[in-house]
Every structure is written in C-alpha cells, then in structure tokens.
Amino acid sequence: MERLQKLLARTGVASRRNAEELIRAGRVTVNGEVAALGRTVTDADEVRVDGKVVERDPVPTVTYALYKPRGVVTTASDELGRVGVLERMPRVPGLHSVGRLDLDSEGLLLLTTDGELTLRLTHPRYGHEKEYRVWTDEHVTDDEIALLASGVVLREGRAVPVGVSRSRDGLRIVLGEGRNRQVRRMLEAIGHHVNRLVRVRFGGFFLGDLEPGEYVELGPTDLAELTDRAAVPPEEWRRREEETLARWG
C-alpha cells in the first residue's frame, strides 16, 4: 500500500508535486472514482489519469542535463505552439523538467523520470542552490548590489539571495529557492531590466561546456554532486568555478 501521489511519481506520470495537482484537479480516478489527496492504493486498485490506466511497472530512472536555449518553453505542451523542451530530448516515458526556466532564459535545465528526485531538488526546505549569470541594461551600483543582497520584496514576500557578486556587464546571483521569474523580478525591484539570463549551476552540478540544445545523461557521481555540493572535492569545485568565470565572466 502506498500514497497515490507517490505511485504517480514512482511510475513517471508526474513529479510528486505535480501529481498532487492532478489529484486536486480531479483528473485521477481509483477504481472509477475520483480520488482525493492522501488516498492510498494497493496493487489491486486500478488507477487512471485523464482516463488512461497507469501502468505499475516503474519507468527507467534517468536524469539529463540540458542547455535550454532561449525561446524554448519548459512546459510539456504550449497553447501557442512554441517549441517545447521535451521535443529536444529522447522519448522517455515520464520525462519531465525539474522546475522551469522561462522562455527568455537559457542554460542548465534538469529533466528526469524520478519524481522523488524532482521533489528533493525543488522543495524549498532542501535549499538547493541555483546560480545565474545576469546581464543588465545598465550598470548596477554598489548600493544597488547591497540592496539586492539584503533582500527585496516580491508579491510572495521577501526574497533574499544566497549570494550576489559583480560580473562583466552584470551580476552573478545564487538563489536557494525557485520562485517564478525570481531573478528578473528581483532586478526589476531595484530598477533594472535583465537583457540575458543564463543558469550556470544547480546544486553541485555545473553547466560546463554544454552548448545550446546539447544534453548529457547524469551518472551516479553527477547525481551525488547535484544533490550534495559537498560531494564535489574543493579543488574540483575551484576548477569548475574558474571554467565558469572564464566562459561567462
């Protein structure tokens, strides 16, 4: 017996969080009845999502790192017919993005069939860092950097970055959370427009030398470093940071 949302994540239907949204929306049935959040199921129960039976055999567990190009949406489908990120990936059942990068942003995007990994990487309580290289329309002053570092008020509340530092024609910003378009809105709050935004690191995994549209499958060492930056030896961390600085400034 297991929780319905855990079953949906384990079988690759959706991440744990998205599975909960499916259940709340009434799109999941158990033995023909609309399921409620918190429902438990057994192997004998028939589970359907949008009328389609959920196969109990777990999908292959696979995780990819993609350099998402600018202009590609991260949603599985787009009402405007724009190119979706899954169109650039292998056809793996249950593959979904770990969080999002908005249409005009680019860089490191993770995709996985592992719903538990998605939950671990996206839930705020785990605080996995995400680092962004940002180019702004105008010079950001020292006072503005200090203001940004101390936290700015967004509609969901105060947003305080893990770190902010100056970079060529812009900034490097590290976040420990992932609100919608957070970096752009934080810069807007201090009066600056973002011209370009590239995510260069997620946890202990760096974008490295991936080019737009390229992807790699993550192995056990990559996954360990992704979820625990302390798994990266200090000298290796310094090397990767130096490579990032050399590439992005």
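A Cβ distance below 9 Å, combined with a sequence gap of six or more or placement on separate chains, defines the contacts here; from the range 146-157, residues that are in contact (Cβ under 8 Å) with a residue 12 or more places away in the chain reach residues that are loosely packed, with under 14 Cβ neighbours inside 10 Å and in a strand (DSSP E or B) in the pairs ALA149/GLY163; VAL152/ARG158. Of the numbered conditions (1) surrounded by fewer than 14 Cβ atoms within 10 Å (Cβ to Cβ); (2) of a type in the set (Gly, Ala, Ser); (3) touching a strand residue (DSSP E or B) at 6+ places or on another chain (Cβ under 7 Å), ALA35 satisfies every one except a single condition; which is it? ALA35 satisfies all of (1) surrounded by fewer than 14 Cβ atoms within 10 Å (Cβ to Cβ); (2) of a type in the set (Gly, Ala, Ser); (3) touching a strand residue (DSSP E or B) at 6+ places or on another chain (Cβ under 7 Å) except (1). Looking across the range 102-123, just one residue is within 15 Å of GLY178 (Cβ to Cβ) and over 12 Å from the mean Cα position of the chain (by Cα), and that is SER105.
Screening ARG172, ARG196 for residues that are in contact with a Ser or Thr (Cβ under 6 Å, 6 or more places away or on another chain), in the same structural domain as ARG70 (by TED's automatic domain parsing), within 27 Å of PRO69 (Cα to Cα) and not in a loop (DSSP other than H, G, I, E, B) leaves exactly one candidate, ARG172. Being under 17 Å from ARG3 (Cβ atoms) and hydrophobic (A, V, I, L, M, F, W, C) is a description that applies to VAL54. Considering only the range 8-36, state which residues are touching a residue at least 40 places away in the same chain (Cβ under 8 Å) and part of a helix (DSSP H, G or I). Correct list: LEU8, ALA9, ARG10, ARG16, ARG17, ASN18, ALA19. State yes or no: is ARG39 in contact with a helix residue (DSSP H, G or I) (Cβ under 8 Å, 6 or more places away or on another chain), basic (Lys, Arg) and touching a residue at least 40 places away in the same chain (Cβ under 8 Å)? Judged against the criteria, ARG39 is not a match.
Of all the residues in the range 101-127, those that are out of contact with any Leu (no Cβ under 9 Å at 6 or more places or on another chain) and on the phi > 0 side of the Ramachandran plot number 1. Here LEU117 meets the list (1) under 30 Å from LEU7 (Cβ atoms); (2) exposed (fewer than 14 other Cβ atoms within 10 Å of the Cβ); (3) of a type in the set (A, V, I, L, M, F, W, C) almost entirely, failing just condition (2). Scan (1) at pLDDT 95 or above; (2) over 22 Å from the mean Cα position of the chain (by Cα); (3) assigned to a strand (DSSP E or B) for the single condition VAL153 breaks and write down its number. That leaves (1) as the condition not met.
Go through the range 132-150 and count every residue that is among the polar types (S, T, N, Q) and assigned to a strand (DSSP E or B). Matching residues across the range 132-150 total 1.
Evaluated against (1) out of contact with any helix residue (DSSP H, G or I) (no Cβ under 9 Å at 6 or more places or on another chain); (2) surrounded by fewer than 21 Cβ atoms within 10 Å (Cβ to Cβ); (3) not in a strand (DSSP E or B), GLY178 falls short on exactly one condition, (1).
The values are calculated or read from the model by the stated rules, or taken from the named source; none is laboratory data. Remember, it's a predicted structure, so these values are computed and weren't measured experimentally. Note that each Cβ is placed from the backbone with ideal geometry, even for glycine, and that neighbours are counted across all protein chains shown.
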